[in-house]
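No value in this document is a laboratory result; all are computed from the given coordinates. Just so you know, these numbers come straight off a predicted model, no measurement behind them. Here the Cβ positions follow ideal geometry from the backbone for every residue, glycine too, while neighbour counts run over all protein chains shown.
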Amino acid sequence: MKRTAFFDEHVAAGGKLIDFVGWAMPMEYTGIIDEHRRVRSTVGMFDVSHMGEFHLSGEGALADLERITTNRVAALVDGRVQYSAMCYENGGFIDDLLVYRLGDSYMLVVNAANKQKDLDWIRSHIGTSTEFRDASDETALIAVQGPLAEKVMGKVADEKVVSLGYYQSVTCQVAGQDALVSRTGYTGEDGFEIYLDAGTAGSIWHSLMQAGAEFEIEPVGLGCRDTLRLEMGYALYGNDIDERRTPVESGLMWITKLKKGDFIGRDAILKVKSDGPRERLIGFELEGRGVPRHGHRILSDGREVGVVTSGTFSPSLENGIGMGYVATGTDGPLDIEIRNRTVPVRRVSLPFYKNGTVQSR
């Protein structure tokens, strides 16, 4: 397994390491529920160095990105970040991603599990006037997330970091190291993501832990990253979005700018939108005991009408929650089949957790 720049810190902190798409990553330290509540209440620190970072530049970069992504890249000014996606010709998702405008160049941050697939797709769909560089292995990435994240960053970073708006980025110094910092995250809380040179990044872990000690900062693992994102109704590739579904079914038309002009998948997405999708992604909360999981059947009057794509026990709501696709036109009560028994659920508008500090930004 590959090791990130912070591998030794995970071992020293008692992190339970797993093989996550070829990387030795901490699933948890003290426990998923405790770590989840730490991020919701004060601040936690994630190692997410397994993500992929691609840089595109040159006179053809903007046009190529407009063609291969669904959002309007031309709307980005320097220092802005955008949530977007790439789709196949049939409108299905290749991946969801972030697009950074960095002066005259762009950085794409892609899911670790899709890194090679994304790289091959991008390289085969850009022109000779666009320069492409895969910076994934040379980039370390830390996410500082929680209501007190700004206080931690204010002790180790330039003043311009704490004045960042949501989905903005800046190049600066963090604990004496050159970094790109953005006010982004995957938790629903205020937070920052710090991109560093993987070769020299190791020492910053101690600096952030020391700066955050008075705010009860703790290292947190990928386990609570999943429960935090699900409470916010954020999609996870491979679960809630994949090559079979388009932005129409998944509720991601807000990052799909059909009026910007042609892009890969646009015609197929337009057709699904015009014809009407056969299924839609919904959120639900259990009305009985149990924990919904990916693959559980969704029933209406005993008839299968859908499938759970993501499910968990919500530490914030103290109940089972989930998302899943349900056939369009399905009305009335729904049940989830959990271990050969049915549990009634109620539909819930997303996000499940409505008190995240990111919503106030």
If you keep only loop residues by DSSP, which GluC sites (Glu not before Pro) in the stretch 130-191 have at most 13 other Cβ atoms within 10 Å of their Cβ? Glu138
Neighbour net charge for Lys160 - beta-carbon separation under 13 angstrom, K R +1, D E -1: -2
At what distance in angstrom do the alpha carbon centres of the stretch 310-361 and the stretch 88-125 lie from each other? 29 Å
Local charge sum around Val170 (other residues, Cβ-Cβ under 13 Å, Lys/Arg +1, Asp/Glu -1)? -1
Cut-off under 5 Å, modelled amide H: who pairs with Ser136 long-range: Glu53
In the chain the DSSP beta bridges are antiparallel at a rate, in percent to nearest 5, of 95 percent
Set of aspartates and glutamates near Lys2 by C-alpha distance (under 12 Å), chain-local residues within fewer than 8 positions excluded: Asp19, Asp137
Give, in nm to one decimal, the length gained when the segment between Val11 and Glu59 is fully stretched (0.36 nm per residue of separation minus the Cα-Cα distance). 12.8 nm
Return the lysines within reach of Lys260: Cα separation strictly under 23 angstrom, same-chain partners fewer than 8 residues apart disregarded; answer none if there are no such residues. Lys271, Lys273
Let me know the Kirkwood hydrodynamic radius for the chain, please, with Cα pairs as the basis and the value in Å to one decimal. 21.2 Å
Which of Thr30, Thr70, Thr309 ends up with the largest GNM mean-square fluctuation for the chain, with Cα atoms connected below 10 Å? Thr30
If the reach is capped at under 15 angstrom between alpha carbons, list the aspartates and glutamates near Lys354, excluding any in the same chain fewer than eight residues apart. Glu189, Asp190, Glu231, Glu285, Glu318
The simple spin-label model distance between Ile18 and Arg244, using points 7 Å out along Cα→Cβ, in nm, is 2.2 nm
At 0.36 nm per residue, and after removing the present C-alpha to C-alpha distance, how many nm does the segment from Val348 to Asp178 gain when stretched out fully? 56.9 nm
Residue-wise HN-Hα coupling along the stretch 254-271, computed from phi with Karplus coefficients 6.51, -1.76, 1.60 (Hz; x: Gly, Pro): 5, 9, 10, 9, 5, 7, 6, x, 6, 8, 5, x, 4, 4, 5, 5, 4, 5
Suppose the chain between Ile255 and Ala113 were pulled fully straight at 0.36 nm per residue; how much longer would it get relative to their current alpha carbon spacing? 49.0 nm
Using a Gaussian network model on the chain with a 10 Å cutoff between Cα atoms, which of Val343, Val308, Val39 fluctuates the most? Val343
Sort the stretch 53-134 into rounded, prolate or oblate with this rule: let a ≥ b ≥ c be the square roots of the eigenvalues of the Cα gyration tensor; rounded if a/c is under 1.5, and if a/c is not under 1.5, prolate when a/b is larger than b/c, oblate otherwise. rounded
Whole-Hz Karplus couplings 3J(HN,Hα) for the stretch 55-61, θ = phi - 60° and coefficients 6.51, -1.76, 1.60, Gly and Pro as x, run 10, 10, 8, x, 5, x, 4
Along the Cα-to-Cβ line of Glu304, 7 Å from the Cα, sits a label point; which residues in the stretch 326-345 have backbone N less than 17 Å from it? 326-328, 335-343
Checking a compactness column here: for the stretch 213-354, what do you get for Rg(Cα) / (2.2 N^0.38 Å), N being the number of residues? 1.16
For the charge dipole of the stretch 225-361, defined by +1 on Lys and Arg C-beta atoms and -1 on Asp and Glu C-beta atoms about the Cα centroid, which residue among Tyr237, Phe263, Pro247 has the Cα displaced farthest towards the positive pole? Phe263
Tell me, what is the FRET efficiency for Glu89 and Asn355 to the nearest 0.05, using R0 = 30 angstrom and their Cβ-Cβ distance as r? 0.15
